[in-house]
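Notes follow the structure.
The values are calculated or read from the model by the stated rules, or taken from the named source; none is laboratory data. Since the model is a prediction, treat every value here as computed from it, not as a measurement. Cβ: placed from backbone, ideal geometry, glycine included. Neighbour counts: every protein chain shown.
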Amino acid sequence: MVSMAKLAIIGLAVAGSVGATLQASTPAEAQSGAASWYGPGFQGRRTANGERFNTHAFTAAHRRLPFGTRIRVTNTTNGRSVVVRINDRGPYVGGRVIDLSQASARAIGMSGVARVRLSRL
């Protein structure tokens, strides 16, 4: 007979995995916050998905979205937007929701940190 302790452990494991799956699959249908961008010192370095970072490509880093996800990033100050592909992890600075390549930041008129809205495509 299965002990109550074993049943409790199995129940917690199943409940935890269901919650993690739901959280990972819905992190940003529409997310807002601060965006920053990678400086030129990152050119050619490996990103979290293994490809080399290209400051001229329309790419970005997000903490949870799957690699390859396409996101529309809109600068809420001027209304300009760009579509980027997630290829890295970050940002790891409080209050920031995305790190953009320099080309992506320029496309939406960013200089420094800007308020943005993210829409998953």
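Some points to look at:
- Sole residue being at pLDDT below 95 and in contact with a Leu (Cβ under 9 Å, 6 or more places away or on another chain), chosen from A28, A61, A20: A28
- Number of the condition not met by A60 [criteria: (1) in contact with an Asp or Glu (Cβ under 7 Å, 6 or more places away or on another chain); (2) surrounded by fewer than 17 Cβ atoms within 10 Å (Cβ to Cβ); (3) in a strand (DSSP E or B)]: (2)
- Test: residue in the range 85-101 that is in a strand (DSSP E or B), touching a Lys or Arg at 6+ places or on another chain (Cβ under 7 Å) and either charged (D, E, K, R) or modelled with pLDDT of 95 or more (or both): yes
- Residues satisfying the stated conditions in the range 34-81, i.e. among the hydrophobic types (A, V, I, L, M, F, W, C), over 16 Å from S104 (Cα atoms) and in contact (Cβ under 8 Å) with a residue 24 or more places away in the chain: A48, L65
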